[in-house]
Amino acid sequence: MQEKALFAISNGLYVLSAKDGDGWAGSLVDAVSQVCAAPCLIMVSCMNTGRTKECIEKSGEFSLSVLPRGVDPFVIANFGYQSSRDVQKWNNVPKAEINGLMYLPDALAKIRARVVNKLVYTGSTVFIAEVVDAFDAKDGEPLTYKEYRDGLKEQVSAAFKAYKAGQAAGKASCPAPEKRWTCKVCGYAYDGDVPFEKLPDDWRCPLCGVGKDMFELQ
Ligand SMILES: Cc1cc2nc3c(=O)[nH]c(=O)nc-3n(C[C@H](O)[C@H](O)[C@H](O)COP(=O)(O)O)c2cc1C
């Protein structure tokens, strides 16, 4: 089978999202299509290993944010290159919660759908879903999967590398927790304005009353 021949089927790119406990899972998908006009049904194909797929199964509904041309490449990396199991992806991008589901505010269009059927295959699960709402359509062009393959992919990889490097640098520069003079008897940690060394010799622990000699730097 020629991959190139299958790539002749045109797809867009979307952020698919579903409720995940107190937060929201989200993943990048291209396998989305309208399959029926009346009733208005769409399908989305989710890899069985994804967290978003699990959350759609649990909640029975999902949102789609249609990506416009010119979208920040990091949005694609954020949702497509890491799992909601490891990262709160929605904390990394602008977001808009609408009736309990999450969307990208600048999406070309927003769609809310309720699952009515599912087909389970070895690698993926196909959800057939009724469109509950399709709204906030903007002027502009939808981003295509072809555009991603034809060059945008490099920018997305670069954005992801920069994000990972930023995370690593953040961790490296994180200051070590400051040591404090702590009472060996009761655990009280001194946090007064006068440096501990300059406290008078008869200073006592305000909690248990032992002297300065019972304190150590921890
Ligand atoms: C360009 C592109 C297209 C993708 N299309 C799909 C898709 O149609 N279905 C799918 O399940 N995953 C697709 N993925 C992979 C998921 O976005 C990726 O596995 C993600 O990390 C899953 O996140 P989750 O575990 O939070 O659900 C695509 C990824 C990229 C980069």
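Report the residue count in the stretch 31-49 for those that are within 19 Å of the chain's Cα centre (by Cα) and open to solvent by 40 Å² or more (accessible area, probe 1.4 Å).
Total meeting the criteria: 3.
Would you tally the residues in the stretch 114-140 being within 16 Å of the ligand (Cβ to nearest atom) and open to solvent by less than 60 Å² (accessible area, probe 1.4 Å)?
Going through the stretch 114-140 one residue at a time, the tally reaches 8.
Among the residues of the stretch 48-77, which ones are in contact with an Asp or Glu (Cβ under 9 Å, 6 or more places away or on another chain) and among the basic types (Lys, Arg)?
Listed by number, the residues that qualify are 51, 58, 69.
Listed here are the residues, each with its yes/no results for (1) modelled with pLDDT of 95 or more; (2) under 16 Å from residue 14 (Cα atoms); (3) among the aromatic types (Phe, Trp, Tyr).
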| position | (1), (2), (3) |
| --- | --- |
| 34 | yes, yes, no |
| 44 | yes, yes, no |
| 47 | yes, yes, no |
| 59 | yes, no, no |
| 83 | yes, yes, no |
| 103 | yes, yes, yes |
| 111 | yes, yes, no |
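Which one of 207, 217, 143 is of a type in the set (A, V, I, L, M, F, W, C), surrounded by 16 or more Cβ atoms within 10 Å (Cβ to Cβ) and touching a residue at least 24 places away in the same chain (Cβ under 8 Å)?
Testing whether each residue is of a type in the set (A, V, I, L, M, F, W, C), surrounded by 16 or more Cβ atoms within 10 Å (Cβ to Cβ) and touching a residue at least 24 places away in the same chain (Cβ under 8 Å) leaves just 143.
Are there any strands (runs of 3 or more DSSP E) wholly within the stretch 105-218 with 2 or more residues that are of a type in the set (S, T, N, Q), and if so which? I'd like the intermediate steps shown before the answer.
Numbers: elements: 109-120, 124-135, 181-183, 215-217.
It comes to 124-135.
Kindly list the number of the only condition in (1) of a type in the set (Phe, Trp, Tyr); (2) open to solvent by less than 50 Å² (accessible area, probe 1.4 Å); (3) touching a Phe, Trp or Tyr at 6+ places or on another chain (Cβ under 9 Å) that fails for residue 81.
(2)
Show me the strands (runs of 3 or more DSSP E) entirely contained within the stretch 1-94 in which 2 or more residues are small (Gly, Ala, Ser) and more than 8 Å from the ligand (Cβ to nearest atom). Talk me through it step by step, then tell me what you get.
Details: elements: 14-20, 23-29, 32-36, 41-47, 61-66.
Of the strands (runs of 3 or more DSSP E) lying wholly inside the stretch 1-94, those with at least 2 residues that are small (Gly, Ala, Ser) and more than 8 Å from the ligand (Cβ to nearest atom) span 14-20, 61-66.
How many of the residues in the stretch 189-204 are open to solvent by less than 40 Å² (accessible area, probe 1.4 Å) and within 15 Å of residue 179 (Cα to Cα)?
Narrowing the stretch 189-204 to residues open to solvent by less than 40 Å² (accessible area, probe 1.4 Å): 189-190, 192, 196, 199.
Right, trim to within 15 Å of residue 179 (Cα to Cα) and you get 189-190, 192, 196.
Within the stretch 189-204, residues that are open to solvent by less than 40 Å² (accessible area, probe 1.4 Å) and within 15 Å of residue 179 (Cα to Cα) number 4.
Which number in (1) in contact (Cβ under 8 Å) with a residue 12 or more places away in the chain; (2) under 40 Å from the mean Cα position of the chain (by Cα) marks the one condition that residue 178 misses?
Among (1) in contact (Cβ under 8 Å) with a residue 12 or more places away in the chain; (2) under 40 Å from the mean Cα position of the chain (by Cα), residue 178 violates only (1).
Restricting attention to the stretch 165-177, does a residue exist that is surrounded by 13 or more Cβ atoms within 10 Å (Cβ to Cβ) and not β-branched (Val, Ile, Thr)?
no
The values are calculated or read from the model by the stated rules, or taken from the named source; none is laboratory data. Predicted model, so just to flag it, every value in this text is computed and none were measured. Quick reminder, even Gly has a Cβ in these numbers, built from the backbone with ideal geometry, and neighbours come from all protein chains shown. Accessible surface areas use protein heavy atoms only, side chains included; no ligands, DNA or RNA. Shrake-Rupley method; radii C 1.70, N 1.55, O 1.52, S 1.80 Å.
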